[in-house]
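Student: Got a structure for you, written out below as structure tokens; questions coming shortly.
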Amino acid sequence: MTRVKICGITTLEDALLCAEAGADALGFIFVEGTPRHVTPTAVARIVRALPPFVTPVGVFWDHAPGHVKAVAETCGLRTLQLHGDEPPEVVAQLGLPVIKTIKVRGPEDLARVAPYRGLVAAVLLDSAARWSDGAPRAPIAWELARVEGLPVVLAAGLTPDNVGRAIEIGRPYAVDVNSGVEASPGRKDPDRVRRFVAAVREAG
């Protein structure tokens, strides 16, 4: 069964909506200056209210390992997503399961997965297009998700209307959605959230 991560959670209302719809993981973005940035204090309150078996994931971008560990402890995070240029030696310092983002334009970029094998719980394949302004982005080539021997989280440009086809082609371990289920940057649309999760479950 393909897992669902819904990222860019900023409110308790949206967190509970996504959990009720069937999301397996929720992403909280600690990247300053981005539309969905959240503070550790706010996230700690949300995480305490989550039902069991919903995994809180902290998203970081080239933050110092000590900062990442302190935020994770404050918030009760259970997984970390590193979205920048963090080298393998940083991953090894963090003490929690790590999802390492690899930004891909084509198959040649998959070579950058190799140094993280044995260190990360999964890799997340994302578009190389800038995302900090909050706008939707075009999908990557879904067949790139067929990486052997390592769980792959497929991201970028997924919506309730295309995620089923993306899963059929890429067969990822999980899918990650942000703007594709939003009413506006940082606020989720209940209908889109429910349709997205339903489409993933139908795809298998």
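Student: Longest exposed-loop-site-free stretch of the chain, with GluC sites (Glu not before Pro), DSSP loop and at most 13 other Cβ within 10 Å?
Tutor: Details: sites that count: GLU32, GLU148.
Result for the longest clean stretch: 33-147.
Student: With r defined as the distance between the Cβ atoms of ALA64 and THR11 and R0 fixed at 30 Å, what FRET efficiency is calculated, to the nearest 0.05?
Tutor: Details: r = 27 Å, r/R0 = 0.92.
Calculated value: 0.65.
Student: Figure the gain on full extension for ALA198 and ASP161 (residue separation times 0.36 nm, minus the Cα-Cα span) and round it to one decimal in nm.
Tutor: Length difference between fully extended and current span is 12.2 nm.
Student: Ok, one more. For GLU86, what residues show an amide H to amide H distance below 5 Å, using hydrogens built from the backbone and excluding near sequence neighbours?
Tutor: Sorted by chain and number, the residues that satisfy this are ASP62.
Student: If you don't mind, there's one more thing I want to ask. How much mean residue ellipticity at 222 nm does the chain get from its helices, if each DSSP H run of length 4 or more adds -39500 (n - 2.57) and you divide by all residues, to the nearest 500 deg cm²/dmol? Don't skip to the end; give the middle numbers.
Tutor: Working: 6 runs with 57 residues, N = 204.
Mean residue ellipticity, 222 nm, calculated: -8000 deg cm²/dmol.
Student: Need one number: % antiparallel among DSSP beta bridges in the chain, to the nearest 5.
Tutor: DSSP beta bridges in the chain are roughly 5 percent antiparallel.
Student: I need the P(r) histogram for segment 3-203: all alpha carbon pairs, bin width 10 Å from 0 out to the longest distance, whole percents.
Tutor: Result returned by the calculation: 9, 39, 40, 12, 0.
Student: Please list, by residue number, every one of the chymotrypsin sites (Phe, Trp or Tyr not before Pro) in segment 43-120 that is coil in DSSP and has at most 15 other beta-carbon atoms within 10 Å.
Tutor: Answer in residue order: PHE53.
Student: Span-like helices, the chain: DSSP H, alpha-carbon axial extent 24 Å or more, mean Kyte-Doolittle 1.0 or greater, which ones? The partial results should precede the final answer.
Tutor: Numbers: long enough: none.
Answer set is empty.
Student: Tell me, in nm to one decimal, what length is gained between ALA49 and ARG146 on full extension, where the rule is 0.36 nm per residue of separation less the Cα-Cα distance?
Tutor: Working: separation 97, 0.36 × 97 = 34.92 nm, distance 3.52 nm.
Additional length available on full extension: 31.4 nm.
Student: Using 0.36 nm times the number of residues separating ARG117 and ASP191, minus their current alpha carbon distance, what extension gain do you get?
Tutor: Using 0.36 nm per residue and subtracting the Cα-Cα distance, I get 22.9 nm.
Student: Once the Cα gyration tensor of segment 1-60 is found, what semi-axes does its equivalent ellipsoid get, as square roots of 5 times the eigenvalues, in whole Å, sorted largest first?
Tutor: Working through the eigenvalues yields semi-axes of 18, 13, 9 Å.
Student: Also, I was wondering about something else. Provide the net charge surrounding LEU96, with neighbours chosen by a C-beta distance below 10 Å and charges set as Lys +1, Arg +1, Asp -1, Glu -1.
Tutor: It works out to a net charge of +1.
Student: Something else now. Determine the relative contact order of the chain: mean sequence separation of Cα pairs under 8 Å and six or more apart, normalised by residue count, in whole percent.
Tutor: 21 percent
Since every read-out is calculated from the coordinates, none of them should be taken as a lab result. Not measured: the values here are computed from a predicted model. Please note: Cβ atoms are built from the backbone with ideal geometry, for glycine as well, and neighbour counts cover all protein chains shown.
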